1. Between a first residue in segment B:167-178 that is touching a residue at least 24 places away in the same chain (Cβ under 8 Å) and surrounded by 12 or more Cβ atoms within 10 Å (Cβ to Cβ) and a second residue that is assigned to a helix (DSSP H, G or I) and of a type in the set (A, V, I, L, M), which pairs have beta carbons less than 6 Å apart while being 6 or more apart in sequence or on different chains?
2. Pick out the one residue from A:Leu243, A:Leu235, A:Leu220 that is away from chain B (no Cβ under 14 Å) and surrounded by 21 or more Cβ atoms within 10 Å (Cβ to Cβ).
3. If I filter segment B:272-313 down to residues being hydroxyl-bearing (Ser, Thr, Tyr) and either closer than 19 Å to B:Ala96 by Cβ or in contact with a strand residue (DSSP E or B) (Cβ under 8 Å, 6 or more places away or on another chain) (or both), which single residue comes out as modelled with the highest pLDDT?
4. Any idea which residue in segment A:373-386 is farthest from the other protein chains (Cβ to nearest Cβ), counting only those that are crowded, with 20+ Cβ neighbours inside 10 Å and touching a Lys or Arg at 6+ places or on another chain (Cβ under 9 Å)?
5. Scan segment C:170-183 and report the pairs whose first residue is within 18 Å of C:Arg158 (Cα to Cα) and whose second residue is small (Gly, Ala, Ser) and modelled with pLDDT of 85 or more, with Cβ atoms within less than 9 Å and a gap of 6+ or a chain change.
6. Kindly indicate whether C:Ala241 is more than 21 Å from C:Ile142 (Cα to Cα), more than 10 Å from chain B (Cβ to nearest Cβ) and of a type in the set (Gly, Ala, Ser).
7. Output the residues belonging to segment A:51-80 that are buried (at least 22 other Cβ atoms within 10 Å of the Cβ) and among the acidic types (Asp, Glu).
Amino acid sequence: MKRRQFLSSTAMLMGSTAVFSFLPGVSLAQETPVSGGTLIWGHSETVQNLDMHQTGTASTNRVLQNVHNSIVTVDANLSVIPMLAESFEESADGLTYTFKLRPGVKFHDGKTMTSADVKYSFERCKDPATGAVNFEVFNNVAAIETPDDLTVIVKMSGVNAPFLSRLAENGAGVIMPEGSGDKQGTTPIGAGPFKFVSYEAGHQVELARFDDYWDGPAYLEKVIAREITEPTVRLTGLRTGELHMINDIPADRMDEIKADTKFQTVTWFPLNWDFVNLNHDFEPFKDPKVRMAMDLIIDKEMLLQGALWGQGRTTASPSYPTSASYNSALANRPQDIEKAVALLAEAGYGPGQLKVVFKATTNYPYHIEAAQIMVEWFKAAGVDMTIEQLTWADWLSQVWVNKDFQISMMNFFTLWEPDFLYYSLWHSTGAFNYRHISDPVIDDLVTKARVTVDPAARADIYKQVQQRVFDETHDIILWFRNGSIAAQTTVNGLDTIVHPNGSNLNFHKVWLKA
Amino acid sequence: MSYLLNRLLSIVLTLFLISAITFGVTNILPGDVAMMIMGTQSNPEALEGLRHSLGLNDPLIVQYGRWIAGMFTGDWGQSLIFKAPILDLLGQKIKASALIVVMSMAIALAVAVPLGVWSAVHRDKWQDSVSSSAALLGVSLPDFFWGIMLILLFARTLGWLPSSGYADPGVDFGLAVEHAFLPSLALGLGLMAHLTRMTRSTMVGILGQEFIRVARAKGLAERTVIWRYGLANAIGPVMTIAGLQVGYLFGSIIVIETLFNYTGMGWLTYQALLNRDVPLIQATVFVIAAVVMLTNLLVDLLYLLVDPRIRLG
Amino acid sequence: MKRFLTPKALVGLGVIVAILLIAILAPLFIPDAAANKMNMAARLKGPALAHLLGTDQLGRDLLYRVMLGARTSLTIAGLAVGLSIIIGLPLGIISGYYRGHVDNVLMRLVDTLLSFPALLLALTISAMLGPNLQNTIIAIGIAFTPFLARIVRGEALRVVQMPYVEAARASGTNDLQMILRHILPNIMPQIIVQATISLAFAILAEAGLSFLGLGTQPPQSSWGLMIQASRDYLDVAPWTALVPGAAVALTVLGLNMFGDVLRDVLDPRVRG
């Protein structure tokens, strides 16, 4: 029920966003779940590298969420709670973490989990040679001790306040059987409710129930995640009954599917968030006035309607909306072309004097549409903007790595952990700071947060960071986008499927009515 | 014998040229394999280390040698995006594409040959105009346009066939054919139109020849003249043209498989190109070119068997 | 000329002239602003009086966009075919005229290149150079070159063996004069036929490339790009695909009809 609470609390905070629509006549009263059956899910994205440590893509995490369990996880309020560890303890100085493992947890190969597996998994993730995307979670980890089979003690050489919450992210905290590293990329093995059966690139991933799962076996015998990236095609598959459920309902069809009594829909908020990026190394954008003018040119509400058919909610803060660090005092600047023109003139750019190139990636078709809409507004403000459409590979190399761009747009899955979010994206040396942002005020704040153990004080620091990003218009934060699932009415337990992070789907409690 | 030996030598030489062109072209690709592997985690030092361990700093000729040697020993390398052995990927995807290439060819020939003959027999009459106009329209519509029309008609309006996806023929052949049918038809319609035109013009040429007139003069039934004497002589040229179209089909599957979300070789090649997965681009491009070349050779050899007039000296 | 002016030729020619006129004139009468004007209140609207061919997913007028797309498609196709002639013609003539080792080496290369499906070659080149208008032209042009070189070589080989060429050679005409005065004029008809047919293929190739996102870039109007954008809205707004699709089909049909007639007239050997 935790997840349902999560959904309803989100709904309260943001105003009715999580909606369940069931067939009229089908009561919401809990029926007794039935075991068995194969669920075929039309997955919106393709899975890539299956090694949970190495993979950075949300699509792979979404599927592997069912194969792996983490040492700790989060509840609806994004507080860290036990999972494979029965309990955990942080010393007062923040330098020692003690985990008591749950006894009798089985891996898919039949072995029982011990502290040696935890040590192995942590060290594998920490080792730069592994190429783990989350290796910096283990910054400051000096030693991992295993006094007995069910106790793990992590000793730090310095405070790393976000350590526990970052372990709750699947990638860093998953526990793999000792020595399984080499096989994880092709045949992942973990302690989750489903065993990995097979994978065919671009076609499907097949999972089978793991009967010895520590939290009780799942209902479904099999889950087949069929990869169908075309939204229309996914929808057709649902209509013809070939698929039991699909995620990511095409935004323009949402109303139609919701009204269709043949299906049930689940929507939640948020799935991810989008922002427009300004390269701070590009001469005009060094001037905060110009950056603010860019912000004023964009009508976020209209853009949301145009690019996502309104399936989301505008925001000026990228913090997870239910998290303590979300700064609700911020509001998007409304569109004001006149003021933008004035600001540009003040900065020395008369009509037609500012020329910019917008690099958008075809990986997110709605980014291309958003760019096309923005071009018209920029024109109205006397800014000459052209679009360059890049494949994902080109976007990564040009914008992300080489930082060779003027304006771009990107989305991130909700990085609910504020250190990960703010340090990576806005610290001058942050791993995700591809906009050349260098603001000493932000650097000081996020560094201070890393060694601030008191949660309330930390949250407050992050609110100041958001204020600063907004005041200086370092980036133009646009919106949170909705997540959605449509399913046949035979699928039950959908209220438990969405992980608190808004991206992962968990099939443990999902069942099929015969 | 010496003919066969010559052919064999020429195959080896051509395969070598294909591999060299593929390798050469893909190595001028901008973008960096190491960067694609590291993605959003890239930083200059790590990139340099990875480049070194992948052997990307070696001279091109050394890399080329390694690639060729790998192909012989069954080590085609790893796909960067799928993190899977390329040979495994190719095995899965060739099966899928073979199914639609064969089906589309069968659909096209089954209609084109009778229609072309019929058209030639009724040359310059209304039957000819109708079939020739239809064929002209057929070759003028892009195959992805056919694909869209077929999705609209069969999948959306009638709901008879799945609009997309792929099913493994090794697991459930019937289901696999069902999924392969619309993409095959989309590919087959354009091909059908082309082959109809070719069959017609070949038959027109043959029907005007002396031996046909002789056969008619001998009082043979028209049906026998056309099918026994006419078509028997037309089948060789028509087959050659059909064989040459295999190359066209392998170009078209890139678009059609993407449209139908049918994950075969075309889809794999497109993914590789989009993601700059250089090892995978090299492998898919090489395999497609090799398959096209070998098919043409096979057609040449079949032609020798079918056409009685060509004997090797 | 009587034979040339068949109804088929007239229709084909008519279609080509009409589309050429649209390609030339449309940009003069339809400002970019009108074709790019979005209307969120009129998205995916079917054909009606306000928008004769309906609107796309951003509420833009499809009639305007399809007319502006004509210029993009014809420009790319025309320049690509031009490029393939510029490279392929000399290669083919040299190969056919000099024969021997030059021919062997060149044709071996050309035959190998012919093993690469043209669309695959174009896609690879476009991905390599980075997709934009100019690179699309280069990609299609190069992809078509081997085919053209093969045909030119065959024709040159045929002409070289003609008695009057032998005669000219005996009278001491040098190679360059020979090629310019005798070979080129005699293979011209074949090249014109081939160019017309290639033009049709180039339009299809451009549409295919743009459809895969490796051709023309938005917000420029291109038929392939329009079809690409329509994919997500196929079952609610089929006209967004049918309008550009019909434009491609009509153009290619016109070129093919015209090409058929040209071939009948200019190339006596394949007269059906």
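1. Pairs found: B:Pro169/B:Leu99; B:Pro169/B:Ala176.
2. After applying the criteria, what remains is A:Leu220.
3. So, considering only residues that are hydroxyl-bearing (Ser, Thr, Tyr) and either closer than 19 Å to B:Ala96 by Cβ or in contact with a strand residue (DSSP E or B) (Cβ under 8 Å, 6 or more places away or on another chain) (or both), the one modelled with the highest pLDDT is B:Thr284.
4. Checking each candidate, the answer is A:Val383.
5. From segment C:170-183, the pairs are C:Ile179/C:Ala156; C:Ile183/C:Gly96; C:Ile183/C:Ala156.
6. No; evaluated as a whole, the condition is false for this residue.
7. Answer for segment A:51-80, where residues must be buried (at least 22 other Cβ atoms within 10 Å of the Cβ) and among the acidic types (Asp, Glu): just A:Asp51.
Matching residues to (1) modelled with pLDDT under 80; (2) charged (D, E, K, R); (3) more than 23 Å from B:Lys95 (Cβ to Cβ):
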residue	(1), (2), (3)
B:Ile148	no, no, yes
B:Arg156	yes, yes, yes
B:Gly159	yes, no, yes
B:Pro169	no, no, no
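The values are calculated or read from the model by the stated rules, or taken from the named source; none is laboratory data. The shown structure was predicted, so the numbers you read here are calculated from the model rather than taken from an experiment. Heads up, the Cβs are rebuilt from the backbone with ideal geometry, glycines too, and the neighbour counts pull from every protein chain shown.
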